[in-house]
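The next block holds one structure in the form of structure tokens; read it before the comments.
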Amino acid sequence: MPSINSNFDWVDTPNPAERGFTITAKEGPGDELPDFNSRIYRWSDCPQWIRRAESIPESLQGYTLVHAAKADYQKRTFIFGRTRTEAERNTPFQVSWVKRMHYWPTVLLKLWFEKGNLPLSAQYDSTGIATAARTHPRMKIRDGAEYPTWFKISRFLSEVPWPRRDNRSPTPITDSPNWSFDGCSGSIPECLHPGCRFPRYQTSGQVIFGAGTPESEVSGDLVAQEFPATPMTDWERYPVEDTTQNIGGFWFRELVEAMPPIDDRESTS
């Protein structure tokens, strides 16, 4: 057992069930500091002036140097943490849950158009009358609102920084599909949807000069108006927050994910 004058001590980590250790070594004028920010230093990789400060048991010699700080006159303390595999770094050491109100956007589940029984008619000159089918939109939606929502909070620990994570998880980015047929126009503002397409036959295709965004060129060969699917097409689990911070040399990550509320109601119009 180390004596009271030992250069070895345990140190707390953000995981209360895990500990690292510290070594306090006397540094001379010619002793170089290990640049652990540029490369990984295990205990066995450290300079001799650090390793001779204390005998370390075999079980701790694979630990990684995570931090260093001034300790006393011509002394410096080095902190070591448990070396992990990639799978261990991405496995939470703690999971908790909290429930609070959260807004979920409107979801367009299905959209279609039906021809009406009574046609549209219009007089286009003194003798001619034009008729066209009347169009009625039909849709099924899931109403957006504030719902009681469970949030899963996962906490992770690592001895090295996590690499930059590409956000490949779907996010509730909304869109506003809109359409315009003769006698029928409309839109669904700020919704999630699986993708919408409207053919060109609803207009003559002739562009009205000076209306809209005249500084931007308008294509004359537009055959359809398309709204690609939103990244998330229905309510599903997604990350709300994903933060990383360094605590005493140890890397701590907290991931907060929103779980979709259980609501199978659909509105039809």
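The values are calculated or read from the model by the stated rules, or taken from the named source; none is laboratory data. These numbers come from a predicted model, not from an experiment. Because the Cβ atoms are built from the backbone with ideal geometry, glycine has one as well, and the counts that use them run over all protein chains shown. When the accessible area is computed, the model is the full protein with side chains, heavy atoms only, and any ligands, DNA or RNA have been set aside. Shrake-Rupley method; radii C 1.70, N 1.55, O 1.52, S 1.80 Å.
Given Cα pairs under 8 Å that are at least 6 residues apart, what percent is the relative contact order of the range 32-157? The partial results should precede the final answer.
Numbers: 181 pairs, mean separation 30.0, N = 126.
Dividing the mean separation by the residue count of the range 32-157 yields 24 percent.
Counting only C-alpha contacts under 8 Å and six or more residues apart, can you give the relative contact order of the range 1-65 as a whole percent?
Details: 67 pairs, mean separation 18.8, N = 65.
Dividing the mean separation by the residue count of the range 1-65 yields 29 percent.
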Point-to-point label distance, residue 234-residue 176, nm (Cα→Cβ direction, 7 Å offset): 2.7
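Rounded to the nearest 0.05, what FRET efficiency is calculated for residue 74 and residue 153 with R0 set to 35 Å and r the Cβ-Cβ distance?
Working: r = 44 Å, r/R0 = 1.25.
After rounding, the FRET efficiency stands at 0.20.
Pop out the carbon and sulfur fraction of the accessible area of the range 4-60 as a percent, whole number, probe 1.4 Å.
Carbon plus sulfur share of accessible area: 44 percent.
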Spatial separation of Cα centroids for the range 127-169 and the range 69-124, in angstrom: 12
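For the peptides 225-234, 82-91, what is the packing order when you average, over each peptide's residues, the other Cβ atoms within 10 Å and list the highest mean first?
Values: 225-234: 15.6, 82-91: 13.2.
Averaged packing, sorted descending, gives the order 225-234, 82-91.
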Charge dipole magnitude, Cβ of K and R +1, D and E -1 - the range 27-97, Cα centre, debye nearest 20: 120
Per-pair calculated FRET efficiency, R0 = 25 Å: residue 96 and residue 197 via Cβ, rounded to 0.05: 0.05
Paired Rg and Dmax values of the range 59-172, which use every Cα atom, in angstrom: 31.6, 106
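Between residue 86 and residue 15, 0.36 nm times their residue separation minus their Cα-Cα distance comes to what? Please list the in-between numbers first.
Numbers: separation 71, 0.36 × 71 = 25.56 nm, distance 1.73 nm.
Full extension from residue 86 to residue 15 adds 23.8 nm.
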Label zone at residue 162 (point 7 Å along Cα-to-Cβ), backbone N below 16 Å, the range 74-90: 84-90
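Residue 120 to residue 224: FRET efficiency via 1/(1 + (r/R0)^6), r the Cβ-Cβ distance, R0 22 Å, to the nearest 0.05? Walk me through the numbers before you get to the answer.
On the way: r = 22 Å, r/R0 = 1.00.
In this case the efficiency is close to 0.50.
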For peptides 13-20, 56-63, sequence by mean Cβ density within 10 Å, most packed first: 13-20, 56-63
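Considering only protein heavy atoms, what per residue accessible area in square angstrom results for the range 47-161 with a 1.4 angstrom probe?
Per residue, the range 47-161 has an accessible area of 60 Å².
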